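All remarks here apply to the structure that follows.
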Amino acid sequence: MGKLYFNYGTMNSSKTANLLMVAHNYESQGRRILCLNPSSDTRWNGENGKGQIVSRAIEKPLDCFLVSEEENLFELVRIKNLETQKEFSKGFSAVLIDEAQFLTEEQVKQLAEVVDKLGISVLCYGLKNTYVDGVLFEGAEALCYYADTMYEIESFCRFCNEKATMNALVKDGKHIYKAEKKSVGTSDKDGALIGDVKSDSETYYIPVCKKHYYSLQKYLDSLNNK
């Protein structure tokens, strides 16, 4: 019997690296997997509905199928599983999904059907919180409700030793609390501290604890006044 898993963390918490390691474990045991990525994450999109799952922490990318918001994920997995069974006499052991926060609520329900009707485990990886104060991503909110198991991939706040739980967006030297919650951007200079950012015209994200999420603007202002 499969399960629906939600593995979540902040920006730069190695969520995708964890997915790639799990994929390697399945494949090294001769188990077949289906990898999906929402097409709204356009960073690694390819052609003909195919793309790649890429992590800075692991050199080798993973091929995946891209899915739009209109895609019925239950039907997609069902058909791909039948094709795999016909070709290899064995179906999928698991479905792995990166950037799962961009799924719709209906698609998360469809993944629950994959688990319950097809008996295939579904492992979702993604953000839980948007950078907008008090707002979850639609896919993450649905996964919090429907997932059988949730696992937090922990990381540290950029400014202290507390656990990072929030994703802060900085644009033109301002901490943005309200914006389009589906925006996808870069991390903070590939891991650089916010104080190392020289240009006040750049847009970037940083993982922070709640304390520094709500006091971030004071620090940004102190940088601008230097």
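Just subtract the alpha-carbon distance of Glu106 and Lys174 from 0.36 nm times their residue separation and send over the number in nm, one decimal. Before the final figure, lay out the partial values.
Working: separation 68, 0.36 × 68 = 24.48 nm, distance 3.46 nm.
Contour length minus Cα-Cα distance gives 21.0 nm.
With 30 Å as the limit, write out which pairs from Lys60/Lys174; Lys109/Lys211; Lys109/Lys174; Lys15/Lys109; Lys15/Lys210 have Cα-Cα distances beyond it, or answer none.
Values: Lys60/Lys174 35 Å; Lys109/Lys211 34 Å; Lys109/Lys174 37 Å; Lys15/Lys109 22 Å; Lys15/Lys210 20 Å.
The answer is Lys60/Lys174; Lys109/Lys211; Lys109/Lys174.
Compute the length gained on full extension between Lys50 and Glu162: take 0.36 nm times their separation in residues and subtract their Cα-Cα distance, giving the result in nm to one decimal.
Details: separation 112, 0.36 × 112 = 40.32 nm, distance 3.84 nm.
Result for the pair: 36.5 nm of gain on full extension.
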Heavy atoms of Glu202 accessible to a 1.4 Å probe, total area in Å² rounded to 10: 60 Å²
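Taking the radius of gyration and the Kirkwood hydrodynamic radius from Cα positions alone, what is the Rg/Rh ratio for region 83-165, to two decimal places? Mind dumping the intermediate values first?
Values: Rg = 15.8 Å, Rh = 14.5 Å.
Radius of gyration over Kirkwood radius for region 83-165 works out to 1.09.
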Rank-order 138-144, 83-89, 65-71 by packing density, defined as the average count of other C-beta atoms within 10 Å over each peptide's residues, highest first. 138-144, 65-71, 83-89
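Name the shape class, rounded, prolate or oblate, that the alpha-carbon gyration tensor gives for region 16-123, where a ≥ b ≥ c are the square roots of its eigenvalues, rounded holds for a/c under 1.5, and otherwise prolate holds if a/b is larger than b/c and oblate otherwise.
Values: a/c = 1.56, a/b = 1.09, b/c = 1.43.
It comes out oblate by the Cα gyration axes.
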Residues of region 1-43 with the amide nitrogen closer than 17 Å to a label point 7 Å from the Cα of Tyr219, along Cα-to-Cβ, please. 10-13
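The values are calculated or read from the model by the stated rules, or taken from the named source; none is laboratory data. Given the structure is predicted, the values throughout are model-derived calculations rather than measurements. No Cβ is skipped: glycine too gets one built from the backbone with ideal geometry, and neighbour counts run over all protein chains shown. Side chains are part of the model used for accessible areas, which takes the heavy atoms of the whole protein and leaves out ligands, DNA and RNA. Shrake-Rupley method; radii C 1.70, N 1.55, O 1.52, S 1.80 Å.
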